[in-house]
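The values are calculated or read from the model by the stated rules, or taken from the named source; none is laboratory data. None of these values were measured; they are calculated from a predicted model. All Cβ positions, even for glycine, are placed from backbone atoms using ideal geometry, and neighbour counts span all protein chains on display. Ligands, DNA and RNA are excluded from the accessible area calculation, which covers all protein heavy atoms including side chains. Shrake-Rupley method; radii C 1.70, N 1.55, O 1.52, S 1.80 Å.
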Amino acid sequence: MLRFAAPVLILLFFLTSAAAQTPAQTPPAATAPAAQTAPQAKPTAKKATAKPKPAESATAGPCGVGVIAGTGDIFVVQKIGLTVFGNDYAEVPVSWGLDDLVFARARAAAGNTPVRRITYAKGALDSYYHPKSGLFRNQRDELSNLIRQVAGNAGCERYLVVMRSEGQLDGTNQSLSGVGIFSRGVGLISYAYVFSYIGVTWVDGRTFEIMKGPAVTFEGVMKRMADNFVSNELLQKVDKSMFPETAADSANNIALRDTTRDFLTKRLDKILPPYFAQ
């Protein structure tokens, strides 16, 4: 009996020893994952400090001022001859970002006033620029109804509408409209000017009635006349070589593009700030 019990006791001794050693091996196994995950805390910190996405307030939420840039990216090329037979007029679609420039300068003039650009379908303003022939035309009502259609459901309190306007060239019976270039004369006595006839209008966002602008005062009218005619801010003389041989050539004329954009920028920076100072 003692011979049989001895091996059993020895076996029980080894099993008891192995069981006693097992808990001592578990701490390293438990702490190994913690040692591996510690370096992964840095990427988490980077995500937390990442720059936030731009706010969507420009396209969502309440709208104070909606800006409608309405040049239509049209550039006018015009010749004014010594007689009516030397006159020529063409409107050229260009990819110069004229409407983008209008909105950028309006946003700069607005300062802390939030503005939202109102987009519209191509050709939506054509009926205003090229109306059907008729004896009478109420441009005020036409513009009011047109802006109502263009604004749609934007729901802005006011709309700042920047469109091509028109004026008569001094000393002639010819009118200039929008943004473009004209030449006058023949040969050595000819010259060229870029011009920028831009009209700005406030429109009430609820009734779509035309509102008074900053120039609708005696002082404002006098200042506008001085700006337009005394300092001749509507025209800028350029080298006559800049005038394109054909109207279509103007679209690819880089020098003409840059000169026009610079001149339009100066013009917008002159006429837009008073609208936001009201």
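For residue 131, the conditions (1) open to solvent by less than 50 Å² (accessible area, probe 1.4 Å); (2) free of Cβ contacts under 8 Å to residues at least 24 places away in the same chain all hold with the exception of (1).
Return the total of residues in region 134-163 being touching a residue at least 40 places away in the same chain (Cβ under 8 Å) and within 19 Å of residue 62 (Cα to Cα).
Adding up the residues that qualify gives 12.
Restricting attention to region 239-278 and to residues that are among the acidic types (Asp, Glu) and assigned to a helix (DSSP H, G or I), the residue that is farthest from the chain's Cα centre (by Cα) turns out to be 249.
Among the strands (runs of 3 or more DSSP E) confined to region 140-195, the ones with at least 2 residues that are in contact with a helix residue (DSSP H, G or I) (Cβ under 7 Å, 6 or more places away or on another chain) are located at 156-164, 175-184.
In this entry, residue 217 is excluded by the filter for residues that are at pLDDT 95 or above and either open to solvent by 20 Å² or more (accessible area, probe 1.4 Å) or hydroxyl-bearing (Ser, Thr, Tyr) (or both). If you check residue 119 against the conditions, is it free of Cβ contacts under 8 Å to residues at least 12 places away in the same chain, open to solvent by 20 Å² or more (accessible area, probe 1.4 Å) and closer than 30 Å to residue 188 by Cα? For residue 119, the condition - free of Cβ contacts under 8 Å to residues at least 12 places away in the same chain, open to solvent by 20 Å² or more (accessible area, probe 1.4 Å) and closer than 30 Å to residue 188 by Cα - is not met. For first residues located in region 179-195 and over 21 Å from residue 163 (Cβ atoms) and open to solvent by less than 20 Å² (accessible area, probe 1.4 Å), partners that are assigned to a helix (DSSP H, G or I) and charged (D, E, K, R) and lie 6+ apart or on another chain with Cβ distances below 8 Å form the pairs 192/240.
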